[in-house]
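The values are calculated or read from the model by the stated rules, or taken from the named source; none is laboratory data. Keep in mind the model is a prediction, meaning the values are calculated, not measured. Here Cβ is always computed from backbone atoms with ideal geometry, including for glycine, and neighbour counts include all displayed protein chains. Protein only, heavy atoms only, side chains kept; ligands, DNA and RNA dropped before computing areas. Shrake-Rupley method; radii C 1.70, N 1.55, O 1.52, S 1.80 Å.
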Amino acid sequence: MSDDACSVSCVAQPRAKEFHYAVALERSGRLDADGDAPLDLVEAWTPEHLVLAGLVRCTLTSLRHHAHKAGIEIDAAGSASGMVTRREDDGRYAFVAVAVRLDVELQPAAHSAQLTELFAKAERDCFIGASLTVAPSYEWTVT
């Protein structure tokens, strides 16, 4: 094959990263994450609570990743709430509204444009939020 032919047909395709996760829910109600780190769930923890907890944790993990790349240390906490009801478009029960509130401290402090960029990346790159059919609303508080 000539160099000219390869320059058209031999373009390297980027390879997507793949992440695989597994949980096991035992009859007792205990969860195991990837065969390790058992978590005893009480009945008050519903699957909906776990989705919201995952969304907060994922968003903060994403924020820490992007802040670390920018040389910023993060101390953060968050909460989320959601409403589940019948959707108008298909009649199925689902989250129809999700609100995420995050309280962050940054060292060193970042300027407004940098904060906007960091928060946008944290929201965009949290795959839990990206997996929901309703887009979460985010409220960021910097202390």
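A few notes on this one:
- Segments 121-134, 42-55 sorted - mean Cβ within 10 Å per residue, highest first: 121-134, 42-55
- Computed over the chain: relative contact order in percent, which uses C-alpha pairs under 8 Å that are six or more apart: 20
- Here region 10-61 was treated as a single set of alpha-carbon atoms; its pair distances binned every 10 Å from 0 give 19, 41, 22, 10, 7, 1 percent.
- The heavy atoms of Arg30 present about 70 square angstrom of accessible area, all protein chains included, probe 1.4 Å.
- Under 5 Å, built H, 5+ apart or other chain: amide partners of Arg87: Arg92, Tyr93, Ala94
- Spin-label zone in region 81-101 - amide nitrogen under 13 Å from a point set 7 Å from the Cα of Ala44 along the C-beta vector: none
- Projected label points at Glu88 and Ala33, each 7 Å from Cα along the beta carbon direction, are separated by 3.8 nanometres.
- C-alpha long axis of helix 47-69 to longest principal axis of the chain, angle in °: 40
- Across Thr141, Thr59, the residue with the most accessible area heads the list, and the full order at a 1.4 Å probe is Thr141, Thr59.
- Per the Debye formula on identical point scatterers at the alpha carbon atoms of region 35-143, with no solvent, log10 I(q)/I(0) at q = 0.14, 0.17, 0.18 Å⁻¹ is -0.62, -0.84, -0.91.
- When only Cα pairs below 8 angstrom with a gap of at least 6 residues are kept, region 68-143 shows a relative contact order of 34 percent.
- Rounded to the nearest 10 Å², the accessible area of Ser137 at probe 1.4 Å: 70
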